[in-house]
There are 4 protein chains.
Amino acid sequence: MANFKGHALPGSFFLLFGLWWSIKYPLRYCWQNSRVGGRTTLSACFQRLDLIEGVLKLLFCLVGILAEQFVPDGPHMHLYSEEEHSWVKLMNWQHSTMYLFYAISGITDIVTFTPIPTPQGLDRLMLSMAVFVEGFLFYFHLHGRSPLDVHIHSLLLVAVFGGAASIFLEVFLRDNVILELFRSSLAILQGTWFFQIGFVLFPPNGGPQWDENMHDNMTFITMCFCWHYVGALLIMAINYTVVWCGVRRCTRREGGNMEMNLQKKPSKNGSKKGLLQHCEDEEEEE
Amino acid sequence: MANFKGHALPGSFFLLFGLWWSIKYPLRYCWQNSRVGGRTTLSACFQRLDLIEGVLKLLFCLVGILAEQFVPDGPHMHLYSEEEHSWVKLMNWQHSTMYLFYAISGITDIVTFTPIPTPQGLDRLMLSMAVFVEGFLFYFHLHGRSPLDVHIHSLLLVAVFGGAASIFLEVFLRDNVILELFRSSLAILQGTWFFQIGFVLFPPNGGPQWDENMHDNMTFITMCFCWHYVGALLIMAINYTVVWCGVRRCTRREGGNMEMNLQKKPSKNGSKKGLLQHCEDEEEEE
Amino acid sequence: MANFKGHALPGSFFLLFGLWWSIKYPLRYCWQNSRVGGRTTLSACFQRLDLIEGVLKLLFCLVGILAEQFVPDGPHMHLYSEEEHSWVKLMNWQHSTMYLFYAISGITDIVTFTPIPTPQGLDRLMLSMAVFVEGFLFYFHLHGRSPLDVHIHSLLLVAVFGGAASIFLEVFLRDNVILELFRSSLAILQGTWFFQIGFVLFPPNGGPQWDENMHDNMTFITMCFCWHYVGALLIMAINYTVVWCGVRRCTRREGGNMEMNLQKKPSKNGSKKGLLQHCEDEEEEE
Amino acid sequence: MANFKGHALPGSFFLLFGLWWSIKYPLRYCWQNSRVGGRTTLSACFQRLDLIEGVLKLLFCLVGILAEQFVPDGPHMHLYSEEEHSWVKLMNWQHSTMYLFYAISGITDIVTFTPIPTPQGLDRLMLSMAVFVEGFLFYFHLHGRSPLDVHIHSLLLVAVFGGAASIFLEVFLRDNVILELFRSSLAILQGTWFFQIGFVLFPPNGGPQWDENMHDNMTFITMCFCWHYVGALLIMAINYTVVWCGVRRCTRREGGNMEMNLQKKPSKNGSKKGLLQHCEDEEEEE
């Protein structure tokens, strides 16, 4: 859907997930650090949230696929037109393919909650593949467009491939809060950038067209991409602070005398340590 | 062999290995998780399979080399023609070189079963090199061809270099089931894509030629590559489920009262843990 | 600020930080190896230095932003000129954006000293992002310039992206002295190279212009970049030796009889071991 | 020195080092696995060899620098000619710079044997930098040459940058025998390839010139590069086997009854385990 709505739809999905992650991961991190209520309750709770996340991801992708296929000017599931000897609406098919890979990632998330013993990290690998395929299709998608159009999509690719690489790292460094926060910030960036693409290429309120060949516009857009990331970091910081304040209030009220029992090992929270430092600690304890 | 058979032959090899891996690695993983019969018997059994795999790899490659050299229009081991002052059938020589590196990988697999103490990981390094060399030769192989021909081979390179990098990681993260499943899926993808290349460039039943300069064809082929990967993932999922059902039935029948003895440490299966999580567990246990 | 001062300002900042790091990290490393005074005092002292470093980074960046915005020919915070229908002084805006990301990195450094529990490694991630954004903006900054101008900035990108990747590694391998020394050397290289760019493109004493299209000049500049790195390594080596001599004199005077108590575990300094070797040691001790 | 000797000189250096490494690392690995004589004697012996290696590296580089500067048509330390307003013999200067970085790597090797506490891994980092700088200068060295000349040097870059990345990994995975063998094979490849470049571009016995624009020649050269690597692997395999036979004969003769005492922990040799597998073992032992 080469119009504003076609960019607003995926933009909303990414923004929603990015915002949700920017609350979820700080929440888990702060909760673990405060250590009230025990870890078992917490992880049971977060596992249920992960399941809901997977289901939502799957639903959103089905909506996306159906929207791409059955909008009035869509391909309606026809791939090849025998009469015209040509492919039908390949761009809609490409977008459907992107949604399909995110749907597969959603299914993987759900399957990890069935009794089938899926290897840990498979969900991250499939998410990484979905993000990679999105970038892969975008990369070969830009042939013969105007310079500004190519450039504005190329910038997106930086966020996309950066995200794919970072999620691939999570396969091996699971539950690393830094990587999870980084992923959240890139998801927010992608979300807002999809809106920016929509606003630039298809001004929604009938505003003036951008001159798609002027080099200054491309320079501005590059810089604008960085400002979007500053915005994403700001949102992350605000959410983190709010979550931390909330958790602290909870633990103060509920925690009370539990805190005393736990005071002995405050330095053992684990999440504040790099791999090597952990090793050094071990040595000292020996 | 620039014809359909020349693509079907390597395609079959990759497909065969991919399918075999997509059974072997889930089998080992499910078996380890169910923990019946002990690990020793299992690994002895799998080691014998690895040896057979190495021997088959070597045999297939010898077949490939001989086929490339001694087909009627092959070079018959002649490299340089003195009369014509030109190289003889360089493309066949290149394909022979690709097979040669896979043969070296096969020999390495076999050598690890001799009493010579080969460093662990050498077999993975050699496999990674073989895949890399395949990609390397393909990369410099595309000069002066039609755009569709170049593009369809470039897509293959994504699977090839992705596979080479993933196998290189296995040198250091040996027996990581995620990487092994990823490798299997890429091998299946390569196998089916070789067939796809054959069908597009040399339609076997005298079908109509593809227009090799039409841009829509290239857009379709890019998307088609993603669908092949969806197919590969589907095959992997089916094989995994079948293997898991089989293993569960076996362990139920044979396991019986053994299961009880093992119930104490169900969380210690190891294969479900990332590096960091493992560290956190250690801390808790201290 | 496309003049000599505009390159001398960031050059001085990088040089200052590089030189400071080339003293700080050897100091910490030598001190830890000599083990006098205990680790606690030391880390408290270094933490205070880290805080000061963060504050200085923030201050320098504010100076940089203000200088870029309010020099006589700067944009004075105007982004778009309605009259001329064009962007105002985009290059100054780009430089401001670069400083902004370093400022965010400085703020992150400071926040880690507040009671808010920031995940360890966040400061390194933000520094890595700042360096990456610097390279990212430079990369899209070179359109339509002379070949020498493009080339001399491209060389800078090697140091910049190398630095970003190395700092990203520090997120996971925190306090790895090799990575920290590498970062220091790249910071010094960047600093001196900014001055070199200034001298080549805007000869300050009215010297003769360089012929910006002569290929020999580009060959020389490439080699000159390597010599700058040799210079950076020389500075590092001198600082390291001086620091080591100083620490040894201190520990001899103050240490005295403390040394004896610590002689039992001289091989446990940890910092001299790679990951794998550490594992092997563990095995031997078991 | 753009002639056959100018390529034979560095080629001999790389070949010598590659061959030496292909004996040294298998020797250390086989010796450690056989565990006769204890580890302490062994490492003292190998450390002395490392020192000699560093000194030789430094000497070779000084020879290289002097040869590049003071051959009859060399620059004789003149960099800029005031009369002709041009740079003097930049290619010789570039080669001198390459040797300079290897010399720095040699100095670092030597310094690790002085009482100054150099962080472990610094020698590998400097070697990696030297290899990287070699590739970096070659990369910008190819402007305006014939296609075959550019291509034959580009192939070298694959070995060079591959080597630089692999040595950089050794900073963190020190004494990993796989990486060391890989480095040895790439050094041999570089050595033989320098000779190949010399033979192709400057046929030494007045043989016929290669047609530097014929595409078939480039295809052949690409394949030839792979064959060189096959040759390097063959040399590695032969040296490994010879070393292993030698070590086994030694240990049988000297070892005798020592072997019995060590039979209890044959699985603890460490070097045959990947990172993850090691972790799994730990779990089982707990």
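The values are calculated or read from the model by the stated rules, or taken from the named source; none is laboratory data. Since the model is a prediction, treat every value here as computed from it, not as a measurement. Note: ideal-geometry Cβ built from the backbone for every residue, glycine included; neighbour counts use all protein chains shown.
Please verify whether D:GLU180 is under 16 Å from C:ILE178 (Cβ atoms), modelled with pLDDT of 95 or more and buried (at least 19 other Cβ atoms within 10 Å of the Cβ), treating the condition exactly as stated. Here the answer is no, as D:GLU180 does not meet what is asked. Of note, C:GLY106 satisfies the criterion of being more than 12 Å from chain A (Cβ to nearest Cβ) and at pLDDT 95 or above. On inspection, A:ARG183 passes the criterion of being touching a residue at least 40 places away in the same chain (Cβ under 8 Å) and either in contact with a Phe, Trp or Tyr (Cβ under 9 Å, 6 or more places away or on another chain) or among the polar types (S, T, N, Q) (or both).
Among the listed residues A:THR97, A:THR108, A:THR192, which satisfies the condition of being under 30 Å from B:ARG248 (Cα atoms) and crowded, with 18+ Cβ neighbours inside 10 Å? It is A:THR108.
Condition test on B:CYS30, is it under 23 Å from B:TRP87 (Cβ atoms), surrounded by 20 or more Cβ atoms within 10 Å (Cβ to Cβ) and modelled with pLDDT of 85 or more? No; evaluated as a whole, the condition is false for this residue.
Results for (1) within 21 Å of B:VAL171 (Cβ to Cβ); (2) part of a loop (DSSP other than H, G, I, E, B); (3) away from every other protein chain (no Cβ under 14 Å), shown as yes or no for each residue.
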| position | (1), (2), (3) |
| --- | --- |
| B:GLY11 | no, no, yes |
| B:GLY18 | yes, no, yes |
| B:LEU49 | yes, no, yes |
| B:GLU68 | no, no, no |
| B:PRO72 | no, yes, yes |
| B:MET91 | no, no, no |
| B:GLN94 | no, no, no |
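In the set (1) out of contact with any His (no Cβ under 8 Å at 6 or more places or on another chain); (2) surrounded by fewer than 20 Cβ atoms within 10 Å (Cβ to Cβ), D:PHE70 fails one condition alone, (1).
Number of residues in region A:232-245 that are farther than 21 Å from C:PHE138 by Cβ and surrounded by 14 or more Cβ atoms within 10 Å (Cβ to Cβ) equals 8. Counting the residues of region D:167-177 that are over 21 Å from D:GLU134 (Cα atoms), in contact (Cβ under 8 Å) with a residue 24 or more places away in the chain and either surrounded by 22 or more Cβ atoms within 10 Å (Cβ to Cβ) or within 8 Å of chain C (Cβ to nearest Cβ) (or both) gives 2. For region C:46-72, the tally of residues that are free of Cβ contacts under 8 Å to residues at least 60 places away in the same chain and more than 26 Å from C:LEU27 (Cα to Cα) stands at 9.
Which residues, taken from region C:109-131, are more than 9 Å from chain A (Cβ to nearest Cβ) and part of a helix (DSSP H, G or I)?
C:ASP109, C:ILE110, C:ASP123, C:LEU127, C:SER128, C:ALA130, C:VAL131
Considering region B:132-161, the residues that are more than 9 Å from every other protein chain (Cβ to nearest Cβ) and small (Gly, Ala, Ser) include one that is farthest from D:MET214 (Cα to Cα), namely B:ALA159.
Pairing residues of region B:77-102 that are at positive phi with residues that are in a loop (DSSP other than H, G, I, E, B) and not β-branched (Val, Ile, Thr), at Cβ distances under 6 Å and at least 6 apart in sequence or on separate chains, gives B:LYS89/B:PRO75. The set of residues in region C:151-209 that are polar (S, T, N, Q) and more than 18 Å from C:PHE136 (Cα to Cα) comprises C:ASN176, C:SER184, C:SER185, C:THR192, C:GLN196, C:ASN205, C:GLN209. For region B:146-168, the criterion of a residue being in a loop (DSSP other than H, G, I, E, B) and of a type outside the set (Val, Ile, Thr) is satisfied by at least one position.
Within region B:127-152, the residues that satisfy the criterion of being closer than 21 Å to D:TYR229 by Cβ, in contact (Cβ under 8 Å) with a residue 24 or more places away in the chain and hydrophobic (A, V, I, L, M, F, W, C) are B:LEU127, B:MET129, B:ALA130, B:VAL131, B:PHE132, B:VAL133, B:LEU137.
If only residues of region C:181-221 that are over 25 Å from C:ALA130 (Cα atoms) and β-branched (Val, Ile, Thr) are counted, the one that is farthest from the other protein chains (Cβ to nearest Cβ) is C:VAL200. D:LEU234 meets each of the listed conditions (1) modelled with pLDDT under 95; (2) within 11 Å of chain B (Cβ to nearest Cβ) apart from (1).
The set of residues from region C:141-191 being of a type in the set (D, E, K, R) and at negative phi comprises C:ARG145, C:ASP149, C:GLU170, C:ARG174, C:GLU180, C:ARG183.
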